[in-house]
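One structure below.
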Amino acid sequence: MPELALAFDLGTGGCKAAAWSADGSCVAETAGRYATHHPSPGRAEQRPADWWDAVVASTRELAEQVPDLAQRVSAIALSGQSLGIIPLDAQGGLVLQSIPIWSDTRGAAHTAPVFDVVPEEEWYRRTGNGFGAALYPLFKAGALRAEHPDGWAATRTLVGSKDWINLRLTGRLATDHSYASGSGAYSLESGAYDDELLAAAGFPRELLVEPGESADPVGELTHEAAEALGLRPGIPVFAGAVDNAAMALGSRGTAEGRIYAALGSSSWMTVTSARPVIDVAARPYVFRHAVPGLHVSALSTFSSGTSFDWWRGLLAPGLDAEAVVAEALTAPPGSNGLTFLPMLAGGTPLEGGPDARGAITGATLGSTRAELLRASLEGIAFALRRSLDRIRELSGTRDELTVSGGGAQSEGWNRLYADVVQSTLVRTSVDQQAATLGAATIAFVGLGAWQWGDADRPHRVVARIDPDPRAAGVYDDARARFDAALAALAPTTLQEDPR
């Protein structure tokens, strides 16, 4: 019987690492940060070497918590930040020491050759790539080719974040379908790279690693990697998954219709389904799931927790988050006519597009701090309800909503949120650990110790928040004001809110 799976979540802000037991308990966890560099507007870069250093440091920190970690680890798997592009030379070495990460938009100037052949809407229908096209590796590769001609001439392979770490661990190149599905060149229907898209972009298929399943073995931990990590060589390493899929897997997204909300700086609603949720109007973004035969599809709000922090910094800089929520809830539902649009970092298609901006309406000389703070919470909740309603409409799911992330920690905000969205919210004992649980599940499935549904076992319900039926009507006027303000201020044609 395997003992521990060593799981890593290679995120945007840092690396989380955890040792999960085959009995479903998290034995130890830690986290470390690394820097993002912004050399010019629209550019966001990280150093893969910093990722490796974080993996090494976090493994050694886990070993301090679990002294016999080296003997007990039976498998390794990673969750990796999406939309990464790392050019490698013929020897597997880095062509660039600093590479564009998911939020880098340099690909914007390199979409035309593809969209001249395959119109943008058709590209979206094929790929499910619902973020802005500029963010996807197919188009970032065009930018790298133009900006680094000498480096591009030496490039033989393009890989993603967790696949580069797997290469360092095993000496072998591999990827999985979940990560490949975020390349900008993957057909969800065929489950393979789309040769027409690659040809239109001018890239040979050999530039990409052919994908396998997330639980496929990549190789074994090399002596060199084992020495760096303080582990024993020969530990099997499995392909892992893109972070969106790993988080869904670790958030009870193991079966048709399961839905969860990640409530953080930005927030998203993700549904698990056999059929990818494609809608040209709302643009859900879709990835192949780590679980074979399933997909994860999501709609998001870019500025949820960041909007709350912005208001708190302006109005109540001396109060902690829970105190701010408590004060906000002293104001009546509807905030006495105040309406907040939380598009401080731009909007989704449901919110008017990337040029949408935040706003506050209905303010008077009598408006209080508590009312402004409550309006911020309600505005975020109304925006999230638009995403929830649309993803439910498109997918047909009526499952209860699992919630996780920093925004799910406040009892008061959860109550307001449940009343606004009129859905039962479920918090479990697995919260910030969802991505590492997803990676650990992949490792245990790869070993043959777990089935995919065993990812649900570590979840213990710690809170179930049912909506107050009386609140359904309370927020009707406030939601109507929100929708009207959104429609009036949207810079693009606003997608109707399905009710």
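The values are calculated or read from the model by the stated rules, or taken from the named source; none is laboratory data. What you see is a predicted model, and the numbers here were worked out from it, not measured in a lab. For neighbour counting, all protein chains shown are included, and Cβ atoms are generated from backbone atoms with ideal geometry for every residue, glycine included. To get the accessible areas, we keep the full protein, side chains included, count just its heavy atoms, and leave off ligands, DNA and RNA. Shrake-Rupley method; radii C 1.70, N 1.55, O 1.52, S 1.80 Å.
Which values of log₁₀ I(q)/I(0), to two decimal places, follow from the Debye formula for region 65-186 at q = 0.11, 0.23 Å⁻¹ with a uniform point scatterer at every Cα?
Rounded to two decimals, the profile gives -0.43, -1.36.
Decide, for region 433-481, between rounded, prolate and oblate: order the square roots of the alpha carbon gyration tensor eigenvalues as a ≥ b ≥ c, take rounded if a/c falls under 1.5, and otherwise choose prolate if a/b is larger than b/c, else oblate.
Prolate, because a/c is 1.5 or more and a/b exceeds b/c.
Taking a probe of 1.4 Å, how large is the accessible area per residue of region 185-265, in Å²?
37 Å²
Nearest 10 degrees, 0 to 90: what angle lies between the long axis of helix 411-421 and the longest principal axis of the chain (Cα atoms)?
Tilt of helix 411-421: around 80 degrees.
Only four residue types carry charge here, +1 at the Cβ of Lys and Arg and -1 at the Cβ of Asp and Glu. Report the dipole size of the chain about the Cα centre in Debye, rounded to the nearest 20.
In debye, rounded to 20, the chain gives about 500.
How would you order 123-131, 464-472, 80-88 from highest to lowest mean count of nearby Cβ atoms within 10 Å? Present the calculation step by step, with values, prior to reporting the outcome.
Values: 123-131: 21.7, 464-472: 13.2, 80-88: 24.4.
So the order, starting with the most tightly packed, is 80-88, 123-131, 464-472.
So what's Rg/Rh here for region 276-326, counting alpha carbon atoms and using the Kirkwood radius for Rh?
We get a ratio of 1.28 for region 276-326.
I need the shape label for region 146-233. Rule: rounded when a/c is under 1.5, else prolate if a/b > b/c, else oblate, with a, b, c from the alpha carbon gyration tensor.
Judged from the Cα gyration tensor, region 146-233 comes out oblate (a/c at least 1.5, b/c at or above a/b).
With runs of 4+ DSSP H residues as the only contributors, calculate the mean residue ellipticity of the chain at 222 nm using -39,500 (n - 2.57) per run, divided by the residue total and rounded to the nearest 500.
-10000 deg cm²/dmol
Nearest 10 degrees, 0 to 90: what angle lies between the long axis of helix 305-315 and the longest principal axis of the chain (Cα atoms)?
The helix 305-315 is inclined about 50 degrees to the chain.
How big, on average over all directions, is the shadow cast by the Cα convex hull of region 41-98, in nm²? Could the numbers behind the result be given before it?
On the way: hull surface 23.9 nm².
The Cα convex hull of region 41-98, projected and averaged over all directions, gives 6.0 nm².
With r as the distance between the Cβ atoms of Ala484 and Leu315 and R0 = 30 Å, compute the FRET efficiency 1/(1 + (r/R0)^6) and round to 0.05.
0.75
When the Debye formula is applied to the Cα atoms of region 404-471, each taken as the same point scatterer, what base-10 log of I(q)/I(0) results at q = 0.21, 0.22 Å⁻¹?
Each listed q corresponds, in turn, to -0.84, -0.88.
Got a number for carbon plus sulfur as a percent of the chain's accessible area, 1.4 Å probe?
Percent of accessible area from carbon and sulfur atoms in the chain: 51.
Would you mind getting the Kirkwood hydrodynamic radius of region 166-308 from its Cα pairs, rounded to one decimal in Å?
Taking the inverse mean of 1/r over all distinct Cα pairs, region 166-308 comes out at 16.7 Å.
At 0.36 nm per residue, minus the direct Cα-Cα distance, what do His223 and Glu61 gain on full extension? Give it in nm, one decimal, please.
Numbers: separation 162, 0.36 × 162 = 58.32 nm, distance 1.98 nm.
Roughly 56.3 nm would be gained on extension.
For the Cα atoms of the chain, what angle does the longest principal axis make with the long axis of helix 476-489, in degrees from 0 to 90, nearest 10?
The answer is roughly 70 degrees.
Evaluate the distance, in nm, between pseudo-label points positioned 7 Å from the Cα of Ala255 and of Arg72 along their respective Cα→Cβ axes.
So the two model labels end up 3.1 nm from each other.
Taking the alpha-carbon centroid of each part, what is the distance from region 251-326 to region 169-189 in angstrom?
A separation of 23 Å, based on Cα centres.
State whether region 304-431 is rounded, prolate or oblate according to the following rule on the C-alpha gyration tensor (a ≥ b ≥ c being the square roots of its eigenvalues): a/c under 1.5 gives rounded; otherwise a/b larger than b/c gives prolate, and the remaining case gives oblate.
Working: a/c = 1.75, a/b = 1.28, b/c = 1.37.
Here region 304-431 falls in the oblate category.
Per 20 Å bin, what percent of the C-alpha pairs of the chain does each bin hold, from zero upward?
Going out from 0 Å in 20 Å bins, the chain shows 24, 55, 20, 0 percent.
For the chain, give me the percentage of DSSP beta bridges that are antiparallel, rounded to the nearest 5 percent.
Taking every DSSP beta bridge with both residues in the chain, the antiparallel ones total about 70 percent.
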